[in-house]
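For reference, the structure discussed in these notes is given below.
The values are calculated or read from the model by the stated rules, or taken from the named source; none is laboratory data. Bear in mind that the values here come from a model prediction, so they are computed numbers and not experimental data. Don't worry about glycine lacking a Cβ; one is built from the backbone with ideal geometry, like all the others, and counts go over all protein chains shown.
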Amino acid sequence: MTEKLYFIDSHMKNFEARVLSCTKADRGYEIILSRSAFFPEGGGQPGDIGRLEYCGALINVVDCFEREGDTVHLCESPLPVGERVRGEIDYKLRFSRMQNHSGEHIVSGIAHTLFGCSNIGFHMGNEEVTLDFDKVLTGSEVERLELSANEAVWKNVRFISSFHTKEELENINYRSKKEISGTKVRLVTIEGYDVCACCAPHVDFSGEIGIIKILGFMKYKSGVRLRLLCGADALLHYRESMESIKNISVLLSAKYCGVAGAVGELYEELKREKEEKAALRLALAEKIISSLKPQNGNIIIFDNMLDIKSARVVVNAGAELCEGICALFLGNEGKYTFVMASKGVDLKQKALEINAALSAKGGGSSTMITGNAACSRDKITEYFNMQK
Ligand SMILES: [Zn+2]
């Protein structure tokens with residue numbers, strides 16, 4: 001069984017070990033070492049990545065997982081069994097994961113104490129961390145939870161991990177997400193805040209987490225799902241958010257704190273303009289309709305101002321005036337969007353022929369079809385005149 005060095009020191013970046021086995025697998029080579037600081041995925045935290053060095057050559061560890069007590073390092077190249085290697089974990093990534101995971105323990109512990117919530121789910125994604133509680137929380141309760149969690153960070157309390165037998169556990173009050181298995185159970189204690197069964201590496205002091213930010217929450221099953229970021233990831237998120245607000249404020253010539261109001265005004269203006277544009281299009285559609293004359297054959301209209309919605313109104317009116325097809329083409333030479341309606345021609349059946357003749361992609365019902373045509377105005381006119 002691999003000696004798990006992260007249990008001894010969660011901040012260990014480098015270590016030396018002997019290669020116990022190396023097996024070719026689908027995704028690369030599965031290498032088991034005598035000892036390892038790599039954390040295999042577990043408890044919602046992904047497996048570490050990093051490198052193994054042998055005779056000056058660096059081999060990438062692209063994933064890490066546990067199998068029957070051993071830590072399996074998934075590597076891009078093989079290593080000779082029995083030889084000594086030097087391991088190095090991607091510590092920047094590991095530390096940010098420890099910050100997020102340790103922050104999650106603080107939030108879950110406080111939510112349990114303050115509101116009687118049980119953590120029923122924890123997922124550490126690439127973008128953010130989610131945790132699920134079995135109880136609904138209000139906005140002010142979530143704010144209180146976030147503040148209390150950050151107060152725990154400011155107090156710089158200790159994280160202590162310890163192993164216990166099942167008998168010992170009977171006398172300890174601790175949280176656990178799942179049924180405990182194995183002879184010894186690892187508990188992570190946050191002094192004054194929480195005791196929880198967990199197999200992952202954590203920070204030594206809460207101050208290392210830096211900040212705990214709850215990004216948002218939503219109803220989930222019979223409780224809530226919290227979106228969370230801690231430490232370096234929270235700082236990056238803050239930076240990106242501020243950059244985004246700064247760019248909006250420059251664009252709108254609005255003050256930092258006034259961007260929401262400025263965007264609201266812009267939104268209302270846009271809504272008004274959209275409504276005006278729709279009314280103008282409808283007026284234009286009515287003007288086009290009033291100019292249409294009854295025909296024996298087809299009616300073909302080209303226009304650049306209408307949209308699909310108003311074009312439908314026009315072709316529906318046109319279809320009443322002709323025995324053939326009323327076709328309206330929007331756009332420019334070679335890139336037309338079309339709407340066609342007919343009372344006398346089954347357009348669903350005709351679509352295949354139209355698509356072939358006009359280099360088009362379109363379809364719909366037997367009374368109306370829409371699509372795009374990559375052909376010239378002359379080609380369209382020629383086709384519909386032939387159909388007369
Ligand atoms: Zn945990």
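From Arg225, Arg175, Arg144, Arg158, grab the single residue that is in contact (Cβ under 8 Å) with a residue 60 or more places away in the chain and more than 26 Å from the chain's Cα centre (by Cα).
Arg175
The rows are residues; the columns are (1) buried (at least 18 other Cβ atoms within 10 Å of the Cβ); (2) in contact with a strand residue (DSSP E or B) (Cβ under 9 Å, 6 or more places away or on another chain).
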| residue | (1), (2) |
| --- | --- |
| Leu187 | yes, yes |
| Asp204 | no, yes |
| Lys213 | yes, yes |
| Phe217 | yes, yes |
| Ile245 | no, no |
| Lys255 | no, no |
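Given the criterion modelled with pLDDT under 95, within 16 Å of the ligand (Cβ to nearest atom) and charged (D, E, K, R), identify the matching residue among Lys178, Lys184, Lys255.
Lys178
Results for (1) acidic (Asp, Glu); (2) outside any helix (DSSP H, G or I); (3) under 38 Å from the mean Cα position of the chain (by Cα), shown as yes or no for each residue.
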residue: Met305; (1), (2), (3): no, yes, yes
residue: Leu328; (1), (2), (3): no, yes, no
residue: Asn372; (1), (2), (3): no, yes, yes
residue: Asp378; (1), (2), (3): yes, no, no
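Regarding the stretch 83-93, can at least one residue be identified that is more than 25 Å from Ile209 (Cβ to Cβ), among the hydrophobic types (A, V, I, L, M, F, W, C), assigned to a strand (DSSP E or B) and in contact (Cβ under 8 Å) with a residue 24 or more places away in the chain?
Yes, some residue in the stretch 83-93 is more than 25 Å from Ile209 (Cβ to Cβ), among the hydrophobic types (A, V, I, L, M, F, W, C), assigned to a strand (DSSP E or B) and in contact (Cβ under 8 Å) with a residue 24 or more places away in the chain.
Regarding Phe15, is this residue within 16 Å of the ligand (Cβ to nearest atom), at negative phi and not assigned by TED's automatic domain parsing to the domain that holds Thr130?
Criteria not met by Phe15.
Could you list, in sequence order, all residues of the stretch 113-134 that are of a type in the set (Phe, Trp, Tyr) and in contact (Cβ under 8 Å) with a residue 40 or more places away in the chain?
Matches in the stretch 113-134: Phe122, Phe133.
What number of residues in the stretch 62-80 are without any contact (Cβ under 8 Å) to a residue 60 or more places away in the chain and within 18 Å of His11 (Cβ to Cβ)?
Summing the residues that are without any contact (Cβ under 8 Å) to a residue 60 or more places away in the chain and within 18 Å of His11 (Cβ to Cβ) in the stretch 62-80 gives 1.
Where residues in the stretch 341-355 are assigned to a loop (DSSP other than H, G, I, E, B) and touching a helix residue (DSSP H, G or I) at 6+ places or on another chain (Cβ under 9 Å), which of them is nearest to Ala319 (Cα to Cα)?
Checking each candidate, the answer is Lys343.
Just one of (1) farther than 30 Å from Ile120 by Cβ; (2) assigned to a strand (DSSP E or B); (3) not aliphatic (A, V, I, L, M) trips up Pro80, so point out which.
It fails just one condition, (2).
Hey, any hits in the stretch 261-277 for a residue that's touching a Ser or Thr at 6+ places or on another chain (Cβ under 7 Å) and part of a helix (DSSP H, G or I)?
No; the residues of the stretch 261-277 include none that is touching a Ser or Thr at 6+ places or on another chain (Cβ under 7 Å) and part of a helix (DSSP H, G or I).
Tell me which residues, restricted to the stretch 26-61, are free of Cβ contacts under 8 Å to residues at least 40 places away in the same chain, within 16 Å of the ligand (Cβ to nearest atom) and out of contact with any Gly (no Cβ under 8 Å at 6 or more places or on another chain).
Selection gives Gly47 alone.
Mind checking which residues of the stretch 99-122 are part of a helix (DSSP H, G or I) and among the small types (Gly, Ala, Ser)?
Ser102, Gly103, Ser108, Gly109, Ala111
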